[in-house]
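The structure appears below as structure tokens.
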Amino acid sequence: MSLRLKISANCLVLATTVLLNPSNGLAQETGSPPLDTPRVERVHKPYSASEASILLPRERDGSVLGVWSTCANAPALCKAWLGFTDYLLQESTLPIRDRELLILRIGYLNQGAYEWAAHRSLALSVGISESELKAITVGSTHSGWSDWDSTLLRAAEELHNGALISDETWGGLSERYTKRQMMEIVFTVGQYNMVAMYLNSLGVQFEEGWIGYPID
């Protein structure tokens with residue numbers, strides 16, 4: 001296995017590990033899924049062959065996250081989507097901290113509590129602090145951000161508000177990022193914009209102990 005593939009595989013293991021081992025928190029102080037009950041239930045065992053092909057590789061300690069098990073209600077659709085999802089988690093060339101800033105900002109803008117909770121522990125593990133998590137809810141104008149972090153967050157905001165990164169923001173990001181990375185910014189924000197729509201609209205509920213976005 002190449003070094004790049006080893007690093008990618010390790011990142012996926014890390015993501016799964018932190019997702020299944022979150023910190024504890026008070027629900028009334030954090031955002032929660034906008035629907036109180038699922039509109040589409042999770043797939044449970046015994047799995048069909050098509051469900052098993054999706055869920056068994058993502059099972060950890062006998063459990064599968066709701067983002068996967070809800071998706072498995074439509075196996076063909078789910079498999080098509082998971083190919084892109086796995087690319088962004090394993091093959092993207094964006095630094096993980098930068099990627100998580102983009103994901104958490106677009107997640108918050110969509111009030112995607114499950115999306116936020118799913119990435120919260122991973123974000124903390126790659127150097128995003130608790131105070132920065134709160135600052136993400138304010139956005140790019142928060143005074144605590146570096147110029148680079150502010151520009152990243154602004155890119156997510158501009159894509160959310162107008163589906164277009166401004167020339168100024170594009171220029172700032174392109175000073176550090178390659179052409180591929182510039183494209184990956186857009187695809188990452190677009191992906192997690194869609195994921196928030198999916199999780200919110202299908203009513204996917206938190207895993208046990210998960211923490212949503214901070215509420216002042």
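The values are calculated or read from the model by the stated rules, or taken from the named source; none is laboratory data. Given the structure is predicted, the values throughout are model-derived calculations rather than measurements. Glycine also receives a Cβ, built like all others from the backbone with ideal geometry; neighbour counts cover every protein chain displayed.
Only residues that are closer than 26 Å to ILE215 by Cβ, surrounded by fewer than 19 Cβ atoms within 10 Å (Cβ to Cβ) and touching a residue at least 12 places away in the same chain (Cβ under 8 Å): list them for region 134-156, please.
LYS134, THR137, GLY139, GLY144
Mind checking which residues of region 109-133 are on the phi > 0 side of the Ramachandran plot and exposed (fewer than 14 other Cβ atoms within 10 Å of the Cβ)?
GLY127
Go through region 165-216 and give me each residue that's at pLDDT 95 or above, surrounded by fewer than 19 Cβ atoms within 10 Å (Cβ to Cβ), of a type in the set (Val, Ile, Thr) and in contact with a helix residue (DSSP H, G or I) (Cβ under 8 Å, 6 or more places away or on another chain).
Listed by number, the list holds a single entry, VAL186.
Across region 55-78, which residue is farthest from SER201 (Cα to Cα) among those that are assigned to a helix (DSSP H, G or I) and within 18 Å of the chain's Cα centre (by Cα)?
ARG58
Failed condition for ASN161, given (1) more than 19 Å from ALA196 (Cβ to Cβ); (2) outside any loop (DSSP other than H, G, I, E, B); (3) without any contact (Cβ under 8 Å) to a residue 24 or more places away in the chain, with all others met?
With respect to (1) more than 19 Å from ALA196 (Cβ to Cβ); (2) outside any loop (DSSP other than H, G, I, E, B); (3) without any contact (Cβ under 8 Å) to a residue 24 or more places away in the chain, ASN161 is out only on (1).
Of the residues ARG120, ARG97, which single one is more than 20 Å from PRO33 (Cβ to Cβ) and of a type in the set (Lys, Arg)?
Just one listed residue meets the conditions, ARG97.
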